[in-house]
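Q: Attaching a single structure in structure tokens format; questions to follow.
We did not get these values from a lab; they are worked out from the coordinates using the rules stated. On a predicted model such as this, the values are computed, not experimentally measured, just so you know. For neighbour counting, all protein chains shown are included, and Cβ atoms are generated from backbone atoms with ideal geometry for every residue, glycine included.
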Amino acid sequence: MKNFGKYLAFIFFAAGALFFAMPFLWMMRTSLMEYAQVQKVPLVWVPNPIRLSNFKEALAFMDFARLLKNTLIITVFCIMGQLVSCSLVAFGFARLKFPGRETLFMILLSSMMLPAMVTEIPRFILFRGLGWIDTFYPLIVPAFFGSPFFIFLLRQFFKTIPKEMDEAARIDGCSSFRIYYQIMLPLCKPVLATVVIFNFIWTWNDFWGPLVYLRSADKKTLALGLQIFQGVYQTDYHYLMAASLIILLPVLVIYVFCQRYFTQSLVVSGMKG
């Protein structure tokens, strides 16, 4: 009976894994087909012939190098901004004592419940007044003011570090800022890796922000570049899936290399509230 339960659980989880992997498998299948095969009824599951040239043609058609450069600029600066701002604020909430600290932290947490679209119009009016429309600034500058989710995650991690380390450092003459960058930051590599993973995925795949603020063709990102395959009367699904698969690869690579830190940070951050 115990073995039957194991087999049943295995079948259940295997079916679940296949269900969630289906969109990715569909993307791979379509990216290797000719346009006529994609439209064929009944559906053809195995590409014949396999068209690897779809990838080269899709990249050339969408000016991949320029779109990649723009996306990398935005992503790198956003990650830098989030790491610096969120870690500093989280350190203050976790280690520094000041009047109203808990109240401010609760206000910060409550802002996570506010839908992003509620602030979109005020932000657009602000950035338009600053003359930042059709520049990268509206996509980069907000990252240097922190994210409530990342601040919460980092604060939880900082609180797991014994305060005796701070006290010993202060006895040796260390300032709060020196404790932050010489003691705390080296110890929180796992949670910093988590911030990098999440922020990379969100910024790399961001479609709404570039769509609202970027006007010029030479400033578009990879997410916007995929629109080129979607016409009024026809969508080149084989090129669209080929380009989407290539754009997805960096996300998979980042996750594979940082997975160990990602798992460790989630476990430790949830140990102390």
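Q: How far apart, in nanometres, would the label points at Leu248 and Phe13 be if each is projected 7 angstrom from Cα along the Cα-to-Cβ direction?
A: Each label point lies 7 Å from its Cα, and together they span 2.3 nm.
Q: Now a separate question. Is any residue of segment 61-101 close enough, with backbone N under 15 Å, to a label point placed 7 angstrom from the Cα of Ile107 along the Cα-Cβ axis, and if so, which?
A: Under cut-off, by backbone N: 93, 98-101.
Q: How large is the charge dipole for the chain, taken about the Cα centre, if only the Cβ atoms of Lys, Arg (+1) and Asp, Glu (-1) carry charge, to the nearest 20 debye?
A: Using only the charged Cβ atoms, the result is roughly 480 debye.
Q: Compare the Cα positions of His238, Ala60, Ser175 along the charge dipole of segment 52-269 (+1 at Cβ of Lys, Arg; -1 at Cβ of Asp, Glu; about the Cα centre) and return the one farthest towards the positive end.
A: The residue sitting farthest along the positive end of the dipole is Ser175.
Q: So what is the orientation-averaged projected area of the chain, using the convex hull of its C-alpha atoms, in nm²?
A: If you wrap the Cα atoms of the chain in a convex hull and average its projections, you get 21.5 nm².
Q: Please go through segment 177-261 and write out the chymotrypsin sites (Phe, Trp or Tyr not before Pro) that DSSP classes as loop and that have at most 14 other C-beta atoms within 10 Å.
A: Taking segment 177-261 and a limit of 14 other Cβ atoms within 10 Å, the loop chymotrypsin sites (Phe, Trp or Tyr not before Pro) found are Phe207, Tyr233.
Q: Could you check the spin-label model distance between Gln234 and Lys6? Points 7 Å from the Cα along Cα→Cβ, value in nm.
A: Using points 7 Å along Cα→Cβ, the separation is 5.5 nm.
Q: Setting aside same-chain residues fewer than 8 positions from Lys40, which lysines have a Cα under 24 Å from its Cα?
A: Hits, sequence-local ones excluded: Lys56.
Q: Looking only at trypsin sites (Lys or Arg not before Pro) in DSSP loops with at most 15 other Cβ atoms within 10 Å, what is the longest site-free stretch of the chain?
A: 98-162
Q: Then there's this: What FRET efficiency, computed as 1/(1 + (r/R0)^6) with R0 = 25 Å and r the Cβ-Cβ distance, is obtained for Phe207 and Tyr35, rounded to the nearest 0.05?
A: So the FRET efficiency works out to roughly 0.55.
Q: Within segment 237-255, list the residues whose amide N lies under 19 Å from a label point set 7 Å along Cα→Cβ of Phe24.
A: Of the residues in segment 237-255, 241-255 have backbone N under 19 Å from the label point off Phe24.
Q: Another question, then. Using helices alone, I'd like the mean residue ellipticity at 222 nm for the chain: each DSSP H run of four-plus residues gives -39500 (n - 2.57), total over residue count, nearest 500.
A: -21000 deg cm²/dmol
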